[in-house]
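The values are calculated or read from the model by the stated rules, or taken from the named source; none is laboratory data. The shown structure was predicted, so the numbers you read here are calculated from the model rather than taken from an experiment. Because the Cβ atoms are built from the backbone with ideal geometry, glycine has one as well, and the counts that use them run over all protein chains shown.
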Amino acid sequence: MRRPASRVTFPASRPPSVVGNRSSARSRSPTHLLTRFGLHPPSFVIRLLLALPLLTSLACNTLLPPRPAVEWDHSPEAVVLRGTFCCGLVPQYYAENYIPEVLIWGDGRIVWVDDQASGTRRVSEGTFTEAELAALLQRFVDAGFFGWADSYANYNVTDLPTQCLHLNLLSVSKSVCEYYEGAPAAFHTLYAEAASGAGAEGTEFVPTEGLLTVFPAGDPSNLTSEDYLDWDPAVTGLSLADVTGAAPVDGNALALAWRAVNRSAWSPLVREGETFYYLVVTIPGLNAP
């Protein structure tokens, strides 16, 4: 008589599927495959193999950067592009008077700053058509902007300004900054184009409202009348001696203060009577909320 075949049972804690999964997982490991054939790679090779997925991801992001759709918020309050290059080791009034090199809003309005070697600055404004703004933003996408690192830096040199580009699309926002060196060449190409107005026809920007802050300058020595502007309360309707905190200004007071901060970023100096003051002018939407 034939004896019945004996049954093979597995403990409940280790079903065949678990054993099989563990075995197959080990067989898929790059280092396990090497050791199965008697190969014992150096530790740096093992680390390289384990890092391959990350390296592949980085390579894809660099060689095939993300290409988001060029769609943005068209409202006049939405900042679509901002370029800044500030501030390093500078006086407080320089930093507070600083205006981004370029600002572009969703409705196509652009304001940009032209800093002269003499220390003066000219602030201009213009308008893009929707097609012109779309073409500019497309150049950022085509250059690989959305695949660049967020920051490039060489901190062997200290107290320098940081240069940044910030771009806001509907699907993604991205900032890329450089301290001293390291950013792709296209970063500087895009920055230079945007900060020079990107082809927009510009007119002088004239603010209609602002906030004025004053700092007593003590008694600067060796000054000539070319180094400061005279502040006449009878003309401006405001005595600087009465200004506390950030005072709202418009009209003649704003016009003279705006002229002072633009004629010399490093020394926005005025004289009222025998007293000298450094001025700070902040403009809503430019260098103030």
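Screening A149 with (1) in contact with a Pro (Cβ under 7 Å, 6 or more places away or on another chain); (2) assigned to a loop (DSSP other than H, G, I, E, B) gives one miss only, at (1). Taken over region 76-113, the criterion of being touching an Asp or Glu at 6+ places or on another chain (Cβ under 9 Å), within 14 Å of F205 (Cβ to Cβ) and touching a residue at least 60 places away in the same chain (Cβ under 8 Å) is satisfied by E101, I110, V111, W112, V113. Checking V176, V249, V235, V172 one by one, the residue that is over 24 Å from C86 (Cα atoms), assigned by TED's automatic domain parsing to the domain that holds A134 and of a type outside the set (S, T, N, Q) is V172 and no other. Within region 170-192, does at least one residue satisfy the condition of being in a helix (DSSP H, G or I), under 30 Å from A257 (Cα atoms) and of a type in the set (G, A, S)? Yes, region 170-192 contains a residue that is in a helix (DSSP H, G or I), under 30 Å from A257 (Cα atoms) and of a type in the set (G, A, S). Among the residues of region 150-208, those that are aromatic (F, W, Y) and at negative phi comprise Y152, Y155, Y179, F187, Y191, F205.
Looking across region 114-145, the residues that are of a type outside the set (G, A, S) and in a helix (DSSP H, G or I) come down to E130, E132, L133, L136, L137, Q138, R139, F140, V141, D142, F145. Scanning region 78-97 for residues that are under 18 Å from the mean Cα position of the chain (by Cα) and assigned to a loop (DSSP other than H, G, I, E, B) yields A78, C87, G88.
Take P220 and decide whether it is part of a loop (DSSP other than H, G, I, E, B) and touching a residue at least 60 places away in the same chain (Cβ under 8 Å). Taking the combined requirement at face value, the residue does not satisfy it.
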